[in-house]
Amino acid sequence: MLMAGRGFGKTRAGAEWLADQARRNPKSYWGVIAPTGDDLRDTCFEGESGLLQALGWERADDRYDKTRLLLRLDNGAIINSFSAEVPRKVRGPNLWGVWLEEIAQWKTREMWDNLFPAIRRGHAQAVITTTPARVPLVREFADRKDGSVVITRGTTYDNEKNLAPAQIAELKIRWQGTRRERQELFGELLEDALARSGKTARQVLDEG
């Protein structure tokens, strides 16, 4: 789980990982999940940090199905898209791995509940790229102690040289010294009412 501030480069990291995995594993099947269909198209596939850029392809490439948001690599590997808004669609695939984009913005846990049994081929890996937020699904992953989740952290300022100076200056004026700065720029997962309730993230998720 890459949990970092906005502008750190999380999306590009997820796209590069998924593109590399598909290249190195012929005839494999991969998924990318984002909060909405628009996020899939505009960010994960066609965005300046998305999969087409990571693969070095153009939007007009005939290997890119723009309607289905699906990529077919020359080695037979497939990268398919699934919106977190339509969780039932991940019940059928046999996935080698997935890239989960901005899970803190998913509206329900149902996508993950349907998804993880479908990740059952190859090394069965998932890469999560998200700005932290105080939601149960993020806390569930962050709280794991069994070694199944490795967390990488970063801040907006780690990538400051590639961001507009005026924007950085404005963010500092608006958010410096606030909890929002800690979460959105420094990538901190802040303690909240969930922690004070005495319940685990798993308990909250099971309660729906």
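The values are calculated or read from the model by the stated rules, or taken from the named source; none is laboratory data. Computed from a predicted structure; not experimentally measured. Note that each Cβ is placed from the backbone with ideal geometry, even for glycine, and that neighbours are counted across all protein chains shown. In case anyone asks, the SASA skips ligands and DNA or RNA and just uses the protein heavy atoms, side chains included. Shrake-Rupley method; radii C 1.70, N 1.55, O 1.52, S 1.80 Å.
Okay, here's what the table says:
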quantity	calculated
Residue in the stretch 146-153 that is among the hydroxyl-bearing types (Ser, Thr, Tyr), open to solvent by 60 Å² or more (accessible area, probe 1.4 Å) and closer than 23 Å to Cys44 by Cα present	yes
Asp65 closer than 22 Å to Phe116 by Cβ and open to solvent by 20 Å² or more (accessible area, probe 1.4 Å)	no
Test result for Pro87, closer than 23 Å to Ser28 by Cβ and either exposed (fewer than 15 other Cβ atoms within 10 Å of the Cβ) or more than 16 Å from the chain's Cα centre (by Cα) (or both)	no
Tally of residues being under 14 Å from Leu40 (Cβ atoms) and either free of Cβ contacts under 8 Å to residues at least 24 places away in the same chain or more than 14 Å from the chain's Cα centre (by Cα) (or both) across the stretch 90-122	1
From the options Arg41, Arg24, residue that is in contact with a Gly (Cβ under 9 Å, 6 or more places away or on another chain) and open to solvent by 20 Å² or more (accessible area, probe 1.4 Å)	Arg41
Checklist (1) open to solvent by less than 80 Å² (accessible area, probe 1.4 Å); (2) more than 29 Å from Gln183 (Cβ to Cβ); (3) modelled with pLDDT of 95 or more applied to Ser81, failing item	(2)
